[in-house]
Amino acid sequence: AFAHIHGGQQIEAYSAGSRASGIVNVKAITSMRAIGYDLNKHYSKSLQDIPGIEYDYAITMGCGDECPDVRAKQRLDWAIPDPKNMPPLGFNEVRDIIEIKVSALLQGN
């Protein structure tokens, strides 16, 4: 979502997980709605749902040994905690960390 918000049409971004449920966490929908982004039409995707291409970046968020093998020119692990079981305030803090990191990456930092 943040790649689309901050990168617009210039960025083609994909999001997937190693254990996708098919639905987006309600807390994610609520958290993103609070900043004006609608996730209601999105769904949780597995790695098999994204193109099998070489990406410019593969960004993981603290998956450790479970990191998927996605072909990419550059790999970054942001070691961000999974907010799934956090209260709304913690969830929003993680959301904000992700936005800062995505924005910095798009600006070349």
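For the chain, report the accessible area per residue in Å² (1.4 Å probe, heavy atoms, rounded to an integer). Mind showing how you got there, number by number?
Values: 7630 Å² over 109 residues.
Computed with neighbouring chains in place, this is 70 Å² per residue.
Enumerate the amide H contacts of ALA72 below 5 Å, restricted to partners 5 or more residues apart or on another chain; note that Pro and chain-start residues carry no placed amide H.
Result for ALA72 returns TYR55.
Return the lysines within reach of LYS84: Cα separation strictly under 27 angstrom, same-chain partners fewer than 8 residues apart disregarded; answer none if there are no such residues.
LYS27, LYS41, LYS45, LYS101
How long is segment 52-109 along each principal axis, judged by its Cα atoms, biggest number first, in Å?
Ordered largest first, segment 52-109 gives principal extents of 36, 29, 17 Å.
Ordered by residue, what ³J(HN,Hα) values in Hz, to whole numbers, does segment 7-19 give under the Karplus form 6.51 cos²θ - 1.76 cosθ + 1.60, where θ = phi - 60° and Gly and Pro are x?
x, x, 6, 6, 10, 10, 10, 10, 10, 8, x, 7, 10
Over the chain, what percent of the accessible surface lies on carbon and sulfur atoms, probe 1.4 Å?
On the way: 3920 of 7630 Å².
C and S atoms contribute 51 percent here.
Which of the GluC sites (Glu not before Pro) found in segment 1-93 are loop residues per DSSP with 16 or fewer other Cβ atoms within 10 Å of their Cβ?
Details: sites: GLU12, GLU54, GLU66, GLU93; in loops: GLU12, GLU54.
Passing sites in segment 1-93 are GLU12, GLU54.
Mind listing the long-range amide H neighbours of GLY17? Cut-off is under 5 Å, sequence gap 5 or more, other chains count too, H placed in the peptide plane at 1.01 Å from N.
Amide H to amide H, under 5 Å and 5 or more residues apart or across chains, GLY17 pairs with LYS45, SER46, LEU47.
Percent of Cα-Cα pairs per 10 Å bin, from 0 to the last occupied bin, for the chain, please list those.
13, 46, 38, 3
The values are calculated or read from the model by the stated rules, or taken from the named source; none is laboratory data. Model, not experiment: these values are computed from the prediction. Here the Cβ is made from the backbone with ideal geometry for all residues, glycine too, and neighbour counts use every protein chain on show. Ligands, DNA and RNA are stripped out before the accessible areas are found, and what is left, the full protein with its side chains, is counted by its heavy atoms. Shrake-Rupley method; radii C 1.70, N 1.55, O 1.52, S 1.80 Å.
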